[in-house]
Amino acid sequence: MKLSCVFREWRQLAKPVPSDAELFPVPQNTSLVVPFGYRPKLVPPERRIAVFFHAYYVQELADAIDLQLRNLPVLVDIHFTTDTGEKAVLLNERFQSHPRIRRLKTTITANRGRDIYPKIGLMNQEHLAYDYVLHIHTKRSGHEDGLRDWRQFLWQHLLGSPEIVTSVFEIFERCPDVGMIAPQHLPFIRPWIHWADCT
């Protein structure tokens, strides 16, 4: 059976665990485990792929960024956004010869709306040049101990290994109705994922 059929059927049948309401408050909480238990084909070479990376915390995370990008199984264009010229120079010097980067562009912008303004307000037209876009940022939450591992959790579930990345591409290639893939929510924040008074 094709993955697209399996995925659609699974998505319709998947239910949250009733006894675990605290961790699964959202009825539409469904997910797939990656990497898959088989080796998917590599993404076709003609696909145009870009990483849009909002890099606010650059100095302390340059090594982590480097390691995550090495898990990409294909060459990509990378668009860094950051808030100072000093950080832009650091990014360009560190990543201009990276083995997974085909083309590098760095844009300086205010850190307004954290990563949201760079993603939606500044780079939205750039997205149109690509078949697949990955958006990540140097997330850090210092105001709550339960959030300290949030960035690593997100990066690990999107870019944790070449097999994970290839499995994500497999979903897009086989299921053209899928528009976006994101990691599961960090367990610490799952009780707060609801509409509250916005219904």
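Data for the structure
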{"item": "Any hit, region 145-156, residues being in a loop (DSSP other than H, G, I, E, B) and surrounded by 15 or more Cβ atoms within 10 Å (Cβ to Cβ)", "result": "no"}
{"item": "The one condition in (1) more than 21 Å from ASP63 (Cα to Cα); (2) in contact (Cβ under 8 Å) with a residue 12 or more places away in the chain; (3) surrounded by 13 or more Cβ atoms within 10 Å (Cβ to Cβ) that ASP83 fails to fulfil", "result": "(1)"}
{"item": "Unique match (being surrounded by fewer than 18 Cβ atoms within 10 Å (Cβ to Cβ) and either under 28 Å from GLN59 (Cα atoms) or at pLDDT 80 or above (or both)) among ARG190, ARG174", "result": "ARG174"}
{"item": "Verdict on LEU186 being under 25 Å from VAL43 (Cα atoms), hydrophobic (A, V, I, L, M, F, W, C) and out of contact with any Cys (no Cβ under 7 Å at 6 or more places or on another chain)", "result": "no"}
{"item": "Sole exception among (1) free of Cβ contacts under 8 Å to residues at least 24 places away in the same chain; (2) buried (at least 18 other Cβ atoms within 10 Å of the Cβ) for ASP63, by number", "result": "(2)"}
{"item": "Pairs with Cβ under 8 Å, 6+ apart, first in region 127-152 and at negative phi and of a type in the set (A, V, I, L, M), second in a loop (DSSP other than H, G, I, E, B) and modelled with pLDDT of 90 or more", "result": "ALA129/ARG48"}
{"item": "Residue match in region 89-102 (condition: among the polar types (S, T, N, Q), loosely packed, with under 13 Cβ neighbours inside 10 Å and in a loop (DSSP other than H, G, I, E, B))", "result": "yes"}
{"item": "Subset of region 30-77 (residues that are more than 17 Å from THR166 (Cα to Cα) and touching a Phe, Trp or Tyr at 6+ places or on another chain (Cβ under 6 Å))", "result": "PHE53, ALA55"}
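The values are calculated or read from the model by the stated rules, or taken from the named source; none is laboratory data. Predicted model only: the values in this text are computed from it and were never measured. Backbone-built Cβ (ideal geometry, glycine too); neighbour counts: all protein chains shown.
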